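Notes follow the structure.
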Amino acid sequence: MLRVLRATRALSILVLVGWVTGCGGDDGPAAPTAPPGPDPEPSLAFEPGTVSLGESRSTLIRIRNSGTAAAGPVDLMASAVRASGGTAIPGASLSVTPARIATLNPGDERDLTVDLSLPQGLAGGSYDVGLEARAGGETLASLDVAFAVVPPTGPAVGSVEISGPAAGLEQGEVFQFTVEVRDPDGAPVVDPQVGWRVLPAGAGLVTTDGRFVAYEPGSIQVVAEAQAAADTFALTSAARAAPTGQFRTIANGSVETRYTSDHWEHGSTAYSGTWSCRNVPGGACGDALFVWDLSAGAPALVDSVIVDARVVNDIKVSADGRLGILTHEHSDDMQNGITLLDLADPIRPEVIIRFTAPDLTPGVHNVWIEGDYAYLVVDGTSPNSGLRILDISNPASPTIVASFYGGSSFLHDVYVRDGLAFLSHWDAGLIILDVGNGVKGGSPVSPREVGRIDIPGYWVHNAWYWPDAGYVFLGDEINLPGRVRVVDVRDPASPVEVASISRPGAAPHNFWVDEARGIGYFAWYEAGVQAFDVRGVLLGDLERQGRFIADAGYAPGGACVTADQQCAWAPQLHDGRLYISDMNTGLWVLDPDF
């Protein structure tokens, strides 16, 4: 789904009026004409406009330029920290990372980290501090930050002692600090209230339970405080030894008459779907599955399967390569569903059956094959939509054996592995089902919910489960700046978000993880594909930890709405090469040379 119109979604695709609704026309869309208006000017705002930290000392905010002109450089400047009566507090300060933004273009937004530094022994009470965004000597946006200091409770504290790493750490390496708190007589304090911070602010992250990760190489101090006592641990962070190199473009299987959707590679064959209707000379709608022969290295288009659809959004191939399934949406006869393919000859698929059912009429958006079952994502927003599980042990006679709807919103995608189904359920978040794992006694014919995580404001579009690491990578293809979120599912009944990867100006679409090497490949629409080091324990803002490896800029970038520019849909690593389906330009083959 494109995110050109970010707030609108209809039947899981965005219909771009005057752009993709026409098929086979000779004329392209007319160039937009800007209406007359006032002189362009920036309009900056913090989101949210006020922050109440309570007892917390750090938070994430956002600054956005919704105006018509760029602003920059933008300096983020804090006022004095003051008590409720207006008295300035010596030794207290608010810092923001980054403290300066070179340019904030119209439509741009940036995430900012706000950290409070307070002197020891600060009296309990309410405090506030202001933050301003200034450019050219003018204040363009203001933020009010309120926080509280709670008077010490429990036994008096006489000393704090941190135990840290014996040697230096590397960027992105996670270490669990421990702390020993004693009373004035030297006796250990049971269950002490300890606060943590990092100096310089923004050089790393330390959680409330003492887990630390370095964001920057260099000298860093970790401070633990309990009442008026504190201890500081000094360490050195080394630059992360992430893989280095670049992507080399091998070949392109060009598709110009249709938009390209998802794809799947197996053996020496690739299969790619088609999306919506392309308004170009000779353009057509998404009614085709294309078959590519990869045996010569470059994709060679050798066959196609034409079906009654306007969107063939997804294609999957069984692990043994004998069966393929493609999805149907917007069929002319409204009998949406799936088509099962016999792949005995991989480059000459034979239709086994077009399977439809009343449950599938809203359209099947995504599919996953696991053993003798197919997991179908039925588009729409009602309980009649959601997940349908299909017994395909006899592909000529499939049978729906189970269903699941998580409530709140439509289901967008499904990923099944190790007997667990991970449902990307948009507003409802990530939902985990037992479909044979045994943790809840579930099976494909009787799925049982294990756990879920709902991240406010985050529309879960897709998921990749990495069992050995215990993580799920989540995407939201709408909101900017784009953010891949990492969820710890080692206890699938209690998923916990632990880390993220952000990218300004681009939203993520689909992922692939090379689990053997610990490299994630993330599609970011017009920004192409990014390779990222995801080895080890993951915590905090991963893009600040020296984990970036390379970008795949295989075609001109800039706009998904421009016919010849890159719009990366999905990567797949296969036989050492990275295959990318691109909405505008077809199927690409890259060598990840790192």
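Magnitude of the charge dipole for the chain, about its Cα centre and with charges confined to Cβ atoms of Lys, Arg (+1) and Asp, Glu (-1), is about 520 debye. Each 10 Å bin, from zero up to the one with the longest distance, holds this percent of the alpha carbon pairs of segment 159-238: 20, 52, 23, 6.
Under the simplified labelling scheme, the ALA238-ASP191 pair shows an inter-label distance of 4.1 nm, with each label point 7 Å from Cα along Cα→Cβ.
Considering only LEU118, ALA141, GLY85, the residue lying farthest towards the positive end of the dipole of segment 44-149 is LEU118, judged by Cα position with unit charges set on Cβ. At full extension, LEU60 and ASP342 could sit 96.4 nm farther apart than now, given 0.36 nm per residue minus the alpha carbon distance. Near TYR259, the amide H atoms lying under 5 Å from its own belong to TRP275, ARG278; only residues 5 or more places off or on other chains count, and H is placed 1.01 Å from N. Averaging the sequence gap over all C-alpha pairs within less than 8 Å and six or more residues apart, then dividing by the number of residues, gives the chain a relative contact order of 10 percent.
Can you give the Rg/Rh ratio of segment 294-355, where Rg is from the C-alpha atoms and Rh is the Kirkwood radius? Over the Cα atoms of segment 294-355, Rg/Rh equals 1.00.
Checking every one of the GluC sites (Glu not before Pro) in segment 426-500 against DSSP loop status and a limit of 15 other Cβ atoms within 10 Å picks out no site at all. Relative to the Cα centre, the charge distribution of segment 246-593, modelled as +1 at Lys and Arg Cβ and -1 at Asp and Glu Cβ, gives a dipole magnitude of about 440 debye. Taking amide H atoms as placed 1.01 Å from N in the peptide plane, the amide H of ILE519 lies under 5 Å from those of ASP514, VAL534, each 5 or more residues away in sequence or on another chain. On the principal axes of its alpha-carbon atoms, segment 44-149 has extents of 45, 23, 20 Å, going from largest to smallest.
Based only on other Cβ atoms within 10 Å, what is the fewest-to-most ordering of MET77, MET334, MET583?
MET334, MET77, MET583
Taking the inverse of the mean reciprocal distance over all distinct Cα pairs, the Kirkwood hydrodynamic radius of the chain comes to 26.3 Å.
Look at the dipole of the chain built from charges on Cβ: of ASN462, LEU44, ILE549, the Cα furthest out on the positive end belongs to LEU44. Between PRO155, GLN566, PHE355, the Cα set farthest toward the positive side of the dipole of the chain (charges on each charged residue's Cβ, about the Cα centre) is that of PRO155.
None of the figures in this text is laboratory data; all of them are computed from the coordinates on show. Keep in mind it's a predicted model, so treat the numbers as computed, not measured. We place every Cβ from the backbone using ideal geometry, glycine too, and count neighbours over all the protein chains shown.
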